[in-house]
1. In vacuo Debye scattering of the chain, one point per C-alpha: log10 I(q)/I(0) at q = 0.13 Å⁻¹?
2. Quick check on the range 3-70: of the DSSP beta bridges with both residues there, what percent are antiparallel, nearest 5%?
Amino acid sequence: MEDHDKLKKLLGLIDLTSLESIDNEKTITELILKANDGYDGHYPAAVCVYPNFGNLVRKTLLQSIIQLLLEALFFRPNYYRR
């Protein structure tokens, strides 16, 4: 298997995630559109967002093979940027 094929296969194993405090309907819609487009017939495993965007993702996500993950944990700002 060539590297390009490996990379395409890996796409189906990762999540497109946006858990930013500045997320809004526009930024989440842009994320979903990227998921819908995929890459060369391959799509991410899931879209991960905060629960308040769940309905937006359900309405906008076109690819039924992509799962919706709703983040339930609270991330403290800058906690992981030490």
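Bear in mind that the values in this text are calculations on the coordinates, not laboratory data. Here the structure is a predicted model, which means the values were calculated and not measured.
1. -0.44
2. Numbers: 1 of 8 bridges.
Around 10 percent antiparallel, to the nearest 5.
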